[in-house]
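**Q** Below is the structure I would like to discuss, written out as structure tokens.
The values are calculated or read from the model by the stated rules, or taken from the named source; none is laboratory data. Predicted model only: the values in this text are computed from it and were never measured. FYI the Cβ positions are ideal-geometry reconstructions off the backbone, even for glycines, and counts take in every protein chain you see.
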Amino acid sequence: MMEKIFNYRILTLFPNATARKLLLMLIFILIFWVIYLASKDHTKFLSSLENHITLNQGNIFKKLSRSEAPLCPAVSPKKTELRIKEIMEKLDQQIPPRPFTHVNTTTSATHSTATILNPRDTYCRGDQLDILLEMRDHLGRRKQYGGDFLRARMSSPILMAGASGKVTDFNNGTYLISFTLFWEGQVSLSLLLIHPSEGASALWRARNQGCDRVIFIGLFANRTSSVFTECGLTLNTNAELCQYMDDRDQEGFYCVRPQHMPCEALTHMTTRTRNISYLSKEEWSLFHRSNIGVEMMKNFTPIEVVPCNKSENIKKNCQIGMKTPFPSGYTLKKMWITAFCKQIKFNETKNINDCLERKLIYLMGDSTLRQWIYYLQKAVKTLKYFDHHGAGIFKTHVLLDVERHILIQWKKHGHPFVTKKLFSVKDENYIPREIDRVAGDKNTAIVITLGQHFRPFPINIFIRRAINIQKAIERLFLRSPETKVILKTENTRELHQNAEMFSDFHGYIQNLIIRDIFVDLNVGIIDAWDMTIAYCTNNAHPPDYVIQNQIGMFLNYIC
């Protein structure tokens, strides 16, 4: 009772609220000082107090982590490692070692035989035509195992028509090649032996040997001085390193630290290829240009396809989440026609603008998506470039239509990014982190592609990135299930480039991985691989008419 009266009298002496606060603070300091002096070992006292505060903070963070976990379930690094191992083991079984001592024991396109099953004088549009392929080596002996990397295509040059064929490997030296006869007229059939099974196996082994075929060179800048140092996904050196780590996703990049400069001074990057190969001399002989993409159906005459008045199946409109078969469509008069859904044609600027109105579109990936930005700016005159104050073609690209509230942004994916041109890393980010920054809603769309820049590196790097993107999309769908996500698979490229680093075999394997990892996600697929085989472009950067049809497929998914 006396204590209450005392406190009341003290407070009445200080009617002002600010004065009362100062008084209470002084009392607290006085009490603290008395306890401090009374302590026999005041150093120990301060230490114990500091530890107590630190422990309490740790407990707070742990509680926050536990409370947030159910809202956004994280996949542990251990689970990710197990998933990578599982996919790697599956691929190792599909691509077993095929050692050879002489090229004569490898698959020969000339000696192998292709036979049309149940041949006819004419075929009906929509029929399936099957070819049995029996592989033989250069000595004419029957092959007893599969694994050859083949590319099947049908075409009618006059109609500017083309489509992929489906290859089924029976793993005993025989294959079934299936063509769906999508259009009428004279149709030519093609079957290319891109690599024999021995070559494909050698590429698989060589790819997973190491990261040192590409050297990254980082530019560090500090006021008026600058210096280049070696960088990479891994570095075998005793020098002091700058580590650029994403601990959550277990992604890492390293640079040799320059003297008298902080690691934060890294501003730009470029790459060069090293004169390193993990292929033997005998294996390299399989990758001479004359041995890549050899035609196996030279003596086949075109087949005749007629209408037959067959009724066509009614297809649903194209939408996110549809499973894409292979082939997923065909090209006719340079236009892409899907085989699994009904398309709306976006030929006019007004149609495209109506679809894009109030849309936020984020393009994340390599330069094959940057081509979309270039094409849209030419095709839709109301879309204007926003100067992002960067330099070079790899800066972030933005298109705006202020009147219609349209934003389209392209941003390159994070390391590895292989180019001789110098590019900035100041706004560098991995795709999963970029996805995490998107709030998302029904008018937001994300398009993702990756693959070409990963081909020279061990496959586990690509698998990890794909899994991390999958997890980021799952987090996005938790906070915004209406956001539309579209995956554009990587496309085919030139056949004459360094096969060990850039062969389409690597891209084919990466496409299999993407389809496996994203199979259960509600995403749209733009099968650029299928498209570029049908168009027979053989170019890392397909021509505009291919880009136009990719964008047309995208617009069908979002509108």
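**Q** Just one of the numbered conditions (1) surrounded by 14 or more Cβ atoms within 10 Å (Cβ to Cβ); (2) under 23 Å from the mean Cα position of the chain (by Cα); (3) of a type in the set (K, R) is not true of R272; which one?
**A** It is condition (1) that R272 fails.
**Q** So H102 ticks every box in (1) touching an Asp or Glu at 6+ places or on another chain (Cβ under 8 Å); (2) modelled with pLDDT of 95 or more but one. Which box is left unticked?
**A** So H102 meets the others, but not (2).
**Q** Continuing with the same structure: Would the range 122-129 turn up any residue that is part of a strand (DSSP E or B), in contact (Cβ under 8 Å) with a residue 60 or more places away in the chain, outside the structural domain of N511 (by TED's automatic domain parsing) and among the aliphatic types (A, V, I, L, M)? So that I can check it myself, show each step before the final result.
**A** At the first step, the residues of the range 122-129 found to be part of a strand (DSSP E or B) are 122-124, 128-129.
Those still in the list that are in contact (Cβ under 8 Å) with a residue 60 or more places away in the chain too: 122-124, 129.
Filter again for outside the structural domain of N511 (by TED's automatic domain parsing), leaving 122-124, 129.
Filter once more, so that each one left must be among the aliphatic types (A, V, I, L, M): 129.
Within the range 122-129, one or more residues are part of a strand (DSSP E or B), in contact (Cβ under 8 Å) with a residue 60 or more places away in the chain, outside the structural domain of N511 (by TED's automatic domain parsing) and among the aliphatic types (A, V, I, L, M).
**Q** Looking only at the range 408-425, count how many residues are under 15 Å from the mean Cα position of the chain (by Cα) and not basic (K, R). Walk me through how you get there before you give the answer.
**A** Keep residues of the range 408-425 that are under 15 Å from the mean Cα position of the chain (by Cα), which gives 410-418.
So of that shortlist, the ones also not basic (K, R) come out as 410, 413-418.
Qualifying residue count, the range 408-425: 7.
**Q** In addition: Is it the case, given these coordinates, that Q343 is closer than 19 Å to I525 by Cα, modelled with pLDDT under 95 and crowded, with 18+ Cβ neighbours inside 10 Å? Explain how you work it out, then say what you get.
**A** Working: closer than 19 Å to I525 by Cα: yes; modelled with pLDDT under 95: yes; crowded, with 18+ Cβ neighbours inside 10 Å: yes.
Spelling it out, Q343 is indeed closer than 19 Å to I525 by Cα, modelled with pLDDT under 95 and crowded, with 18+ Cβ neighbours inside 10 Å.
A quick yes/no check of all residues on (1) charged (D, E, K, R); (2) surrounded by fewer than 24 Cβ atoms within 10 Å (Cβ to Cβ); (3) over 29 Å from H496 (Cβ atoms); (4) in contact with a Cys (Cβ under 9 Å, 6 or more places away or on another chain):
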{"site": "F518", "(1), (2), (3), (4)": "no, yes, yes, no"}
{"site": "M531", "(1), (2), (3), (4)": "no, no, no, no"}
{"site": "F554", "(1), (2), (3), (4)": "no, yes, yes, no"}
{"site": "I558", "(1), (2), (3), (4)": "no, yes, yes, yes"}
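**Q** Please work out which residue is nearest to the chain's Cα centre (by Cα), limiting yourself to the range 208-232 and to residues that are of a type in the set (A, V, I, L, M, F, W, C) and surrounded by fewer than 18 Cβ atoms within 10 Å (Cβ to Cβ).
**A** Restricting attention to the range 208-232, the residues satisfying the condition of being of a type in the set (A, V, I, L, M, F, W, C) are 211, 214-217, 219-221, 227-228, 231.
From what's left, surrounded by fewer than 18 Cβ atoms within 10 Å (Cβ to Cβ): 211, 215, 217, 221, 227-228.
Numbers: C211: 18, I215: 21, I217: 23, A221: 30, V227: 31, F228: 28 Å.
Per the stated criteria, the residue is C211.
**Q** Then there's this: In the range 139-177, what residues are under 24 Å from E198 (Cα atoms), among the aliphatic types (A, V, I, L, M) and assigned to a loop (DSSP other than H, G, I, E, B)?
**A** Of everything in the range 139-177, just one residue is under 24 Å from E198 (Cα atoms), among the aliphatic types (A, V, I, L, M) and assigned to a loop (DSSP other than H, G, I, E, B), namely L139.
**Q** Any residue that is among the hydrophobic types (A, V, I, L, M, F, W, C) and modelled with pLDDT of 95 or more - is there at least one of those in the range 77-85? Break it down into steps so the answer makes sense when it comes.
**A** Within the range 77-85, the subset among the hydrophobic types (A, V, I, L, M, F, W, C) is 82, 84.
Those still in the list that are modelled with pLDDT of 95 or more too: 82, 84.
Within the range 77-85, one or more residues are among the hydrophobic types (A, V, I, L, M, F, W, C) and modelled with pLDDT of 95 or more.
**Q** Conditions: (1) over 13 Å from A445 (Cβ atoms); (2) touching a Ser or Thr at 6+ places or on another chain (Cβ under 6 Å); (3) in contact (Cβ under 8 Å) with a residue 60 or more places away in the chain. I352 meets all but one. Number of the miss?
**A** I352 satisfies every listed condition except (2).
**Q** Is it the case that some residue within the range 181-188 is in contact with a strand residue (DSSP E or B) (Cβ under 7 Å, 6 or more places away or on another chain), of a type in the set (D, E) and in a strand (DSSP E or B)?
**A** Checking the range 181-188: not a single residue is in contact with a strand residue (DSSP E or B) (Cβ under 7 Å, 6 or more places away or on another chain), of a type in the set (D, E) and in a strand (DSSP E or B).
**Q** Sort out which residues of the range 397-425 are surrounded by 17 or more Cβ atoms within 10 Å (Cβ to Cβ), out of contact with any Ser or Thr (no Cβ under 9 Å at 6 or more places or on another chain) and not hydrophobic (A, V, I, L, M, F, W, C), and write them in order of number.
**A** H397, G414, H415
**Q** R142: in contact with a helix residue (DSSP H, G or I) (Cβ under 8 Å, 6 or more places away or on another chain), modelled with pLDDT of 95 or more and either surrounded by fewer than 15 Cβ atoms within 10 Å (Cβ to Cβ) or over 18 Å from A200 (Cβ atoms) (or both), yes or no? Give the derivation first.
**A** Working: in contact with a helix residue (DSSP H, G or I) (Cβ under 8 Å, 6 or more places away or on another chain): no; modelled with pLDDT of 95 or more: yes; either surrounded by fewer than 15 Cβ atoms within 10 Å (Cβ to Cβ) or over 18 Å from A200 (Cβ atoms) (or both): yes.
Answer is no for this residue.
**Q** Given the residues L150, L192, L176, L181, which is the only one that is touching an Asp or Glu at 6+ places or on another chain (Cβ under 8 Å), modelled with pLDDT of 95 or more and over 16 Å from D127 (Cβ atoms)? Step through it out loud before you land on a result.
**A** On the way: L150 fails: touching an Asp or Glu at 6+ places or on another chain (Cβ under 8 Å); L176 fails: over 16 Å from D127 (Cβ atoms); L181 fails: over 16 Å from D127 (Cβ atoms).
Among L150, L192, L176, L181, only L192 is touching an Asp or Glu at 6+ places or on another chain (Cβ under 8 Å), modelled with pLDDT of 95 or more and over 16 Å from D127 (Cβ atoms).
**Q** Going residue by residue through the range 208-222, is there one that turns out to be under 30 Å from I337 (Cα atoms) and in contact (Cβ under 8 Å) with a residue 40 or more places away in the chain?
**A** In the first step, residues of the range 208-222 are kept if they are under 30 Å from I337 (Cα atoms); the result is none.
Scanning the range 208-222 turns up no residue that is under 30 Å from I337 (Cα atoms) and in contact (Cβ under 8 Å) with a residue 40 or more places away in the chain.
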